[in-house]
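The values are calculated or read from the model by the stated rules, or taken from the named source; none is laboratory data. Remember, it's a predicted structure, so these values are computed and weren't measured experimentally. Every residue, glycine as well, gets a Cβ built from its backbone with ideal geometry; the counts of neighbours run over all protein chains shown. With ligands, DNA and RNA removed, areas are computed over all heavy atoms of the protein, side chains included. Shrake-Rupley method; radii C 1.70, N 1.55, O 1.52, S 1.80 Å.
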Amino acid sequence: MDIIEVKELTKRFGDLLAVDHVSFTVEKGEIFGFLGPNGAGKSTTISMLATILTPSGGDAMISGFSIRRQRDAVRHSIGMVFQDPSLDNRLTAEENLRFHARLYGVPKEDYRRRMEEVLRLVDLWARKRDIVETFSGGMKRRLEIARGLIHYPDVLFLDEPTIGLDPQTRALLWDYVLKLKHDRAMTIFMTTHYMDEAEYCDRIAIMDHGKIVALDTPANLKRQLGGDIIRIESSQKDALQKELEHKLDTPIRQEGNALQFEVADGAKFLPRLLQEVQTRVEAVELRKPTLDDVFLSLTGRNIRKEEAPDQGQGPARGRP
Amino acid sequence: MTQKEHYYPVHFLQAMTTIWQREITRYRRDRTRVVSTIVQPVMFLIVFGSGFRQTLATGLGMDFLAFMYPGTIAMTVMGVAFFSTVSTVWDREFGFLKEVLVAPIPRTAIALGKTTGAATMASVQALILLALAPVIGVELHPARIPLLILYMVMLSLSVSGLGLLVASLMKTTESFGIVIQILIFPMFFLSGAFFPLTEVPQWMEVLSNLNPLTYGVDAFRQVILRGDIPPEVAHKIFLYPLPVNGLFLLGFSTVMVLAAVIAFNKKS
Ligand SMILES: Nc1ncnc2c1ncn2[C@@H]1O[C@H](COP(=O)(O)OP(=O)(O)OP(=O)(O)O)[C@@H](O)[C@H]1O
Ligand SMILES: [Mg+2]
């Protein structure tokens with residue numbers, strides 16, 4: 001069953017077509033990922049689905065409600081974790097949750113139980129009486145996720161939930177997300193530009209310049225590339241390229257001082273190739289394709305190159 | 001949990017009081033603001049009560065202090081109400097506004113929660129000033145206090161509504177501060193708090209007719225002084241019948257809150 005149906009959704013900011021006639025569906029209970037570089041239109045799409053941005057064209061249905069005509073019903077059905085911080089730092093963790101629960105009409109008699117449940121889920125039960133200002137970035141993020149869950153939404157939207165978090169916290173967050181999926185069959189719609197995170201998704205849509213350029217399971221997307229990736233370093237790479245192109249009939253790309261191409265069964269292919277090849281070879285690498293490779297082949301660019309230079313730690317979390 | 005257990009429509013009043021309650025909680029937690037609520041009127045009254053009484057002669061035919069006291073209340077209400085509505089700009093700057101705007105509640109409930117929050121803080125300040133009346137020698141008949149409180153609340157709502165409208169149009173605290181600064185002085189001087197507005201140029205009269213503070217000051221003055229001053233003085237300084245003041249203040253608050261709702265919808 002499709003819980004989200006997006007039809008020709010479009011958003012213009014002046015001359016800029018931030019989201020360009022995007023259509024897709026999300027199945028109930030799946031983790032659906034939006035992958036794309038900065039400015040691709042991921043947050044804009046999510047904001048329209050969450051009814052806080054009015055589309056310039058198209059429509060979408062969430063749990064059967066239109067994001068244009070039945071905003072309140074849609075708002076009831078979704079939980080939202082924004083890309084930028086959205087907690088009240090002067091309130092305690094519990095007060096932030098209570099505020100949210102009351103705005104969403106969670107019955108008083110259910111509130112205590114649910115509050116404990118979501119705070120335990122994100123390991124913040126012991127800190128419930130602390131002012132949010134005293135929390136670390138990761139704790140705040142976890143609290144935002146707990147808050148997005150307390151009204152039991154059908155769909156949880158997570159806009160870059162792990163941005164600015166250290167690797168351990170990122171891994172922990174993913175544990176929570178997978179737990180939600182398994183224990184409750186909750187539908188999770190998330191954006192990320194971490195390729196490794198996209199691997200957790202059941203299906204991913206790759207977005208670039210406001211358009212969806214591919215949509216499939218991570219495995220299928222990688223399979224499209226045709227098996228394995230072989231990378232050969234050589235000081236005479238031009239000569240090597242000529243030789244390889246003569247022998248093989250797949251396209252061969254230059255990547256820095258190396259050559260790269262895809263073959264069906266790399267493990268069997270590579271020893272044969274090395275026996276035959278005449279040109280001097282310094283190093284060989286055989287690997288499975290990653291989503292990075294998929295992205296590269298679809299857009300002609302590497303997703304990482306679009307990011308800030310300090311990509312090692314991930315971009316800082318803050319307002320754009 | 002996959003299937004929603006129930007579909008709960010949130011009652012308007014519950015949404016509004018939730019927003020209101022958060023304003024109050026944040027206020028109580030801010031020591032500086034709590035302390036200044038008490039210190040500010042006390043300081044004002046000390047300076048005002050001891051200094052002005054001797055130096056300022058009046059041609060009003062009445063005690064200048066009694067004439068000024070309602071204006072003092074109005075000014076305090078205005079300051080606190082304006083300052084309190086900055087919370088909406090902060091919410092926008094710190095991202096919390098998104099959490100409120102994505103919730104399944106009417107925008108009007110948000111605007112009313114914010115307005116009543118600021119109005120509550122302003123009214124509390126006014127009540128403290130009211131309690132200080134005997135200290136500076138203004139006599140209040142206990143029977144008039146409920147009516148006075150009613151008008152204080154209405155003035156608080158009007159100024160908070162105006163503050164919210166400004167806040168809903170502003171992106172940063174700085175721009176909000178500038179606009180409020182620009183508003184505060186003309187509003188105060190054209191309110192009749194310092195000099196009676198019965199003999200002023202026409203353009204001033206037009207502006208003062210649009211100024212909620214005018215009606216607040218006039219109402220306070222009538223409630224506090226009626227019957228204690230000679231009719232010819234009353235005729236000179238009172239402007240409108242009391243219910244007219246009330247109606248204007250309520251109408252003004254309503255228009256401001258509605259305009260703020262429209263501004264919210266436009267912005268998002
Ligand atoms: N309010 C706005 N006004 C004008 N342009 C906007 C606005 N919001 C977004 N944009 C533009 O729309 C495009 C898409 O932005 P969006 O925030 O959706 O990207 P994103 O995929 O979420 O990127 P990131 O990975 O950086 O979060 C960008 O070019 C951005 O500059
Ligand atoms: Mg984004």
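Some observations on this one:
- Other-chain or far-sequence residues with amide H under 5 Å of A:ILE3's (modelled H): A:VAL26, A:GLU27, A:LYS28
- Approximate spin-label separation A:THR10-A:THR54, in nm, with each point projected 7 Å along Cα-to-Cβ: 1.7
- Most fluctuating residue given options A:GLY57, A:GLY256, A:GLY41, as computed from a GNM of chain A linking Cα atoms under 10 Å: A:GLY256
- Between B and A, accessible area buried - total, square angstrom, nearest 100, 1.4 angstrom probe: 3600
- Principal axis analysis of the Cα atoms in the stretch B:172-245 yields extents of 49, 25, 20 Å, listed in decreasing size.
- Taking the DSSP beta bridges with both ends in the protein assembly as shown, the antiparallel portion is around 65 percent.
- Evaluating 6.51 cos²θ - 1.76 cosθ + 1.60 at θ = phi - 60° for every residue in the stretch A:262-275, the Karplus couplings come out as 10, 9, 5, 10, x, 5, 7, 6, 4, x, 4, 4, 5, 5 Hz, glycine and proline recorded as x.
- Between amide H atoms placed 1.01 Å from N, distances below 5 Å from A:ALA205 occur with A:GLY33, A:PHE34, A:LEU35, all of them 5 or more places distant or on a separate chain.
- You can think of it this way: the chain between A:ASN257 and A:ASN89 has 55.5 nm of extra reach, that is 0.36 nm per residue less the Cα-Cα gap.
- Of all the options A:LYS128, A:LYS237, A:LYS288, the one that moves most in a Gaussian network model of chain A with Cα springs shorter than 10 angstrom is A:LYS237.
- Spherically averaged projected area of chain B from its Cα convex hull (nm²): 16.6
- Interface residues of the stretch A:91-107, defined as those losing at least 50 Å² of solvent-accessible heavy-atom surface relative to the isolated chain (probe radius 1.4 Å), are listed as A:PHE99, A:ARG102, A:LEU103, A:TYR104.
- DSSP bridge orientation in the stretch A:1-160 - percent antiparallel, rounded to nearest 5: 80
- Orientation-averaged projection of chain A equals 19.1 nm² [convex hull of Cα atoms, one quarter of hull surface area].
- Shape of the stretch B:95-221 from the C-alpha gyration tensor: oblate (a/c of 1.5 or more and a/b not above b/c, with a ≥ b ≥ c the square roots of its eigenvalues).
- Using θ = phi - 60° in the Karplus curve 6.51 cos²θ - 1.76 cosθ + 1.60, the 3J(HN,Hα) couplings for the stretch A:6-12 round to 10, 10, 6, 5, 9, 9, 10 Hz; x is entered for Gly and Pro.
- Cα shape, the stretch A:56-204, gyration tensor, a/c 1.5 rule: oblate
- In order along the stretch A:245-250, phi translates into HN-Hα couplings of 5, 5, 7, 10, 10, 10 Hz, rounded to whole numbers, per the Karplus curve 6.51 cos²θ - 1.76 cosθ + 1.60 with θ = phi - 60° and x for Gly and Pro.
- Counting only residues at least eight positions apart within a chain, or on another chain, the lysines with an alpha carbon under 29 Å from that of A:LYS108 are A:LYS28, A:LYS128, A:LYS140, A:LYS179, A:LYS181, B:LYS4, B:LYS98, B:LYS114.
- Chain B: most fluctuating residue of B:VAL89, B:VAL159, B:VAL179 per GNM, C-alpha cutoff 10 Å: B:VAL179
- Placing pseudo-labels 7 Å out from each Cα toward the beta carbon at A:GLU243 and A:ARG68 gives an inter-label distance of 6.1 nm.
- Considering only chain A, percent of DSSP beta bridges that pair antiparallel, nearest 5: 65
- For chain B, the Cβ-based charge dipole about the Cα centre amounts to some 800 debye (Lys, Arg positive; Asp, Glu negative; other atoms uncharged).
- Once backbone amide H atoms are built at 1.01 Å from N, A:HIS21 has A:THR10, A:LYS11 as its partners under 5 Å, excluding neighbours fewer than 5 places away on the same chain.
- Shape category assigned to the stretch A:122-193 from the gyration tensor of Cα positions, a/c cut at 1.5: oblate
- Cα convex hull of the stretch A:160-234, projected area averaged across orientations, nm²: 7.4
- When a 1.4 Å probe is rolled over the protein heavy atoms, the share of accessible surface on the protein assembly as shown that falls to carbon and sulfur comes to 59 percent.
- Chain A: relative contact order as a whole-number percent, Cα under 8 Å and 6+ apart: 20
- Ordered from highest to lowest accessible area with the whole protein assembly present and a 1.4 Å probe, A:ARG280, B:ARG33, A:ARG231 read as A:ARG280, A:ARG231, B:ARG33.
- Mean accessible surface per residue for chain B, computed with a 1.4 Å probe while every protein chain stays in place, in Å²: 45
- Value of Rg to Rh for the stretch A:159-288, rounded to two decimals, is 1.10; Kirkwood radius and Rg both from alpha-carbon coordinates.
- Plainly put, the protein assembly as shown has a radius of gyration that is 1.15 times its Kirkwood radius, both from alpha-carbon atoms, as the Rg/Rh ratio.
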